[in-house]
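Colleague: Shown below is the structure under consideration.
The values are calculated or read from the model by the stated rules, or taken from the named source; none is laboratory data. What you see is a predicted model; the values in this text were computed from it and never measured. Here the Cβ positions follow ideal geometry from the backbone for every residue, glycine too, while neighbour counts run over all protein chains shown. What goes into the accessible areas is simple: the full protein's heavy atoms, side chains included, and nothing from ligands, DNA or RNA. Shrake-Rupley method; radii C 1.70, N 1.55, O 1.52, S 1.80 Å.
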Amino acid sequence: MLTKLLKYDLKNIFKFLIIFYSLSIIGAISTRICFNIENSFILEIIAQICSGFTIAMIINILINNIIKLWVRFKNNLYGDESYLTHTLPVSKKDIYLSKILTTIISLFISTLVIALTLFIAYYSKENVEALKNFLLPIATAYGSTIIKIISSFLFILFLQFANTVQAGFTGIILGHKMNQTKIGFSVIFGYITYTITQLFALFITFITALFNKDLMNLFITNQIIDVEIVKVTIYLSIIIYTITLIIGYFINIKLLKQGINVE
């Protein structure tokens, strides 16, 4: 049953996101073509317009991916669809797990589409060389590679977006326990939940800094952050956001098991 739930959730999400995926790729191809035609003032202007459109579509992919996940969650558990959802022979845990897996898969696919869009629109030997020159000192100091550095930052962003989505799920669950103004309370509880997760991350970072002099410099000095501090911060961020997601997962399942009041 979990497989079927996941299938319908993914179908619902990607049926919507495919529009923005297509527009971003079209924008990227248009940008590429126009920038590759030299000595044309008109095409240079069109290229800049296409580039702006492409960036806008990239932003729209992220924003609409997150919003669509929240809308699907709300409609599926508390809207008209909920009457069917709650008659299925499936546990609250499986229902929520489907939403989490949908979140992970859709955000991952969106990240890949964004990477492909950027590659199509802006790939060139000059841009790659500029990126290497910017990241190589950091990679060398880490004893790592540029690919691993980029992957680390992307993974942190992925965890941050996943945390944002789950905070929204918590807000929706708590908001719909209210007797009225459920959407308004959902927004408020979601914001509070997100703020708590950020304060939790800051608190754990500070506690860790008590045992790491380099990390403590983030709190007590204005000096330029050295590579060692950045390295520790990256690893710590990955650990903290992963723990936060796991804690939020079990909290939300427990809240769902307490009962659901459909509209």
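Colleague: Consider the candidate values (1) 1.04; (2) 0.98; (3) 1.37; state which one is Rg/Rh (Cα atoms, Kirkwood Rh) computed from the structure displayed.
Modeller: Working out Rg/Rh (Cα atoms, Kirkwood Rh) from the coordinates points to (1).
Colleague: Please report the net charge: other residues with Cβ closer than 14 Å to the Cβ of Ser51, K and R +1, D and E -1.
Modeller: 0
Colleague: If you don't mind, there's one more thing I want to ask. Under the 0.36 nm per residue contour assumption, what length would be gained going from the current alpha-carbon distance of Val90 and Leu116 to full extension?
Modeller: Extra length from Val90 to Leu116 when fully extended: 5.6 nm.
Colleague: Right, here's the next one. Near Lys132, which lysines are there with a Cα under 22 Å away, not counting those fewer than 8 places off in the same chain?
Modeller: Result set, ordered by chain and number: Lys148, Lys231.
Colleague: With the cut-off at 24 Å, tell me which of the pairs Lys15/Lys257; Lys7/Lys92; Lys7/Lys182; Lys74/Lys257; Lys15/Lys74 have Cα atoms farther apart than that.
Modeller: Table pairs above 24 Å Cα-Cα are Lys15/Lys257; Lys7/Lys182.
Colleague: Can you pull the accessible area of Ile45 for me, 1.4 Å probe, Å² to the nearest 10?
Modeller: The accessible area comes out at roughly 70 Å².
Colleague: Under a 10 Å cutoff between Cα atoms, tell me which one of Leu236, Leu101, Leu84 has the largest fluctuation in the Gaussian network model of the chain.
Modeller: Top of the fluctuation ranking is Leu84.
Colleague: Say a paramagnetic label sat at a point 7 Å from the Cα of Lys257, along Cα to Cβ; which residues of region 78-104 have their backbone N under 14 Å from it?
Modeller: Hits in region 78-104 for Lys257 at 14 Å: 91-97.
Colleague: Report the full-extension gain for the segment Gln198 to Ile33: residue separation times 0.36 nm, less the Cα-Cα distance, to one decimal in nm.
Modeller: Numbers: separation 165, 0.36 × 165 = 59.40 nm, distance 4.23 nm.
Working it through step by step, the gained length comes to 55.2 nm.
Colleague: Could I ask something else about it? Any idea of the accessible area per residue across the chain, 1.4 Å probe, to the nearest Å²?
Modeller: 58 Å²
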